[in-house]
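The values are calculated or read from the model by the stated rules, or taken from the named source; none is laboratory data. In this text, all values refer to a predicted model and were calculated from it rather than measured experimentally. Positions of Cβ are backbone-derived with ideal geometry, glycine not excepted, and every protein chain shown enters the neighbour counts.
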Amino acid sequence: MSDLLLVVFDLVLLVGLLGVAWRCLASTDLFRAVVLFITFGLLLALAWVRLEAPDIALAEAAIGAGITGALLLVTLERLRSIAVERRRGRPDEPPDPAGADALLHALHDPPPPRRTFVPALTFALVVGGLMVTALWHQPDAVGLEPVVDEHMGVSGVDHPITAVLLNFRAYDTFLELAIVLIALLGAWSLGRYDRLPARPAPGPILPGTLRLLVPVAIVTGVYILWAGSHAPGGAFQAGAILGAAGILLVLARPRDLPMAPSTPLRLGLAAGVGLFLAIGIIGLFIGPGLLGYPPEWAYPLIIVIEVAATLSIALTLVALFIAGRPAGDDH
Amino acid sequence: MTVFYLGAALFLLATILLGLIRVLRGPGSGDRMLAAQLFGTTGVTILLLLSLTLETPALVDVALVFALLAVVAAVAFVRQHGLPEPSGTPIHQRHGQKKEPDDDR
């Protein structure tokens, strides 16, 4: 009975995922698409749970619920305020050939154009058919689980995912951290910090909520980081939670955001990658190889790397949310 | 008891799919956002029920993170949304074509 219910649950979840994804992509109203995307993140987290990947569900919860939704909403508002600026008609700007309101209206439900479903349907059928034929003949492989289990003793931690991420395949994790940093450098190179559009929120609810939630978020982030050594959790998830706490603070006072001091900010942003690389190079000389640790030192080294990576990821996410390098930083 | 928990989780998932009608039809932005917030609460409950049935205590952490961070999107909505919108958008029609006081900003 419970097996049957699980199958029904999976099927309903699958239908919901596909339906929400389709409506999200096909939506002509950008705000509706954003809300559908938030819902999609929730359903996706449930799907990861059903695929027995609670680590990824945790990451999806932290990033999908906390950060992406806020990021997309703020981006939409930025687009809208740009459109309003344009509508007001600056004298130094050439008039918009499509009409002054075109951009503003493009953000809201324009009439859907007449379209045919034949290309989309053909594409879906072809891609679906290819995937089915490719996956049909997959042998029922056990994967790398036995190999990982065999070497857990030398990994320094008790959770296989953390062992793979920070010991056995540390190189991949290092590159992921580097990519996050490079993404921020890309955002910074595009322009200076531009104030977020915001309307005043009168009343005590917002400050009160922040006073309660931000400390709880910090405690939860540290807990998830600590849990990573023996249960689902770790640096990426903890960094995303702390980053979401920072984003809450940024959203609370976008007009008078205090600028972070430049040097500590940069040190914090680079700490994860820098420390990871330094420990990796030390491993090249006294350990088994690049990014390899001596087994007796593995646990403390992994903890040091994870703490630094958490700090860097949290700072990077907040900086990416603000987008643009801090003002007065060009000399 | 497992069957009961799973049935409850399935029912809650069905309510999410039903609630999608509010997201799709609106009419106002607030209706859509509130529906998404409600999905967040429902998702927390589904995660807790699944954690009991699948015997995966780690799912409680996922539920905790969801409950904690669902508010970020709501704060972003409250702080950001409501800047001038063009006339003729659903939110204006809903409030009887009332002109927003900050419409000229």
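Looking at region A:56-114, which of its residues are charged (D, E, K, R), at pLDDT below 60 and within 15 Å of A:Ala33 (Cβ to Cβ)?
A:Asp109, the sole residue that qualifies.
Before we move on, is A:Ala231 at pLDDT below 85, surrounded by 15 or more Cβ atoms within 10 Å (Cβ to Cβ) and over 17 Å from A:Gly66 (Cβ atoms)?
Answer is yes for this residue.
Given (1) more than 9 Å from chain A (Cβ to nearest Cβ); (2) modelled with pLDDT of 90 or more, identify the lone condition not met by B:Gly28.
(2)
Among the residues of region A:285-315, what is the count of those that are within 27 Å of A:Leu184 (Cβ to Cβ), at pLDDT below 90 and surrounded by fewer than 19 Cβ atoms within 10 Å (Cβ to Cβ)?
Selection size over region A:285-315: 3.
Of all residues being in contact (Cβ under 8 Å) with a residue 24 or more places away in the chain and at the interface with chain B (Cβ under 10 Å from one of its Cβ atoms) in region A:220-237, which is farthest from A:Leu210 (Cα to Cα)? Just the residue, please.
Going through the qualifying residues, I end up with A:Ala231.
Any chance region A:14-26 includes a residue that's more than 10 Å from chain B (Cβ to nearest Cβ) and of a type in the set (Val, Ile, Thr)?
no
Have a look at B:Val3, B:Val75, B:Val71 and point out the one that is surrounded by fewer than 16 Cβ atoms within 10 Å (Cβ to Cβ), without any contact (Cβ under 8 Å) to a residue 12 or more places away in the chain and either facing another protein chain (nearest Cβ under 7 Å) or among the hydroxyl-bearing types (Ser, Thr, Tyr) (or both).
B:Val3
Can you confirm whether A:Ile182 is modelled with pLDDT of 85 or more and within 13 Å of chain B (Cβ to nearest Cβ)?
No; evaluated as a whole, the condition is false for this residue.
If we keep just the residues of region A:34-67 that are of a type in the set (Asp, Glu) and either in contact (Cβ under 8 Å) with a residue 12 or more places away in the chain or in a helix (DSSP H, G or I) (or both), which is surrounded by the most Cβ atoms within 10 Å (Cβ to Cβ)?
A:Glu60
If a residue must be surrounded by fewer than 17 Cβ atoms within 10 Å (Cβ to Cβ) and outside any helix (DSSP H, G or I), how many such residues does region B:29-56 contain?
1
Restrict the check to region B:8-28 and report whether at least one residue is over 22 Å from A:Val15 (Cβ atoms) and assigned to a helix (DSSP H, G or I).
Narrowing region B:8-28 to residues over 22 Å from A:Val15 (Cβ atoms): B:26-28.
If we keep only those that are assigned to a helix (DSSP H, G or I) as well, we get none.
No, region B:8-28 has no match at all.
Could you grab me the full set of residues in region B:37-52 that are more than 7 Å from chain A (Cβ to nearest Cβ) and either over 17 Å from the mean Cα position of the chain (by Cα) or without any contact (Cβ under 8 Å) to a residue 12 or more places away in the chain (or both)?
B:Leu48, B:Leu49, B:Ser51, B:Leu52 - these are the residues of region B:37-52 that are more than 7 Å from chain A (Cβ to nearest Cβ) and either over 17 Å from the mean Cα position of the chain (by Cα) or without any contact (Cβ under 8 Å) to a residue 12 or more places away in the chain (or both).
Being touching a Leu at 6+ places or on another chain (Cβ under 6 Å), under 19 Å from A:Gly153 (Cα atoms) and assigned to a helix (DSSP H, G or I) is the filter here; which residues of region A:284-327 pass it?
Within region A:284-327, A:Ile302 is the sole residue that qualifies.
Of the conditions (1) at the interface with chain A (Cβ under 7 Å from one of its Cβ atoms); (2) farther than 17 Å from B:Leu17 by Cβ; (3) out of contact with any Pro (no Cβ under 9 Å at 6 or more places or on another chain), B:Val60 clears all except one; give me its number.
Of (1) at the interface with chain A (Cβ under 7 Å from one of its Cβ atoms); (2) farther than 17 Å from B:Leu17 by Cβ; (3) out of contact with any Pro (no Cβ under 9 Å at 6 or more places or on another chain), only one is false for B:Val60: (1).
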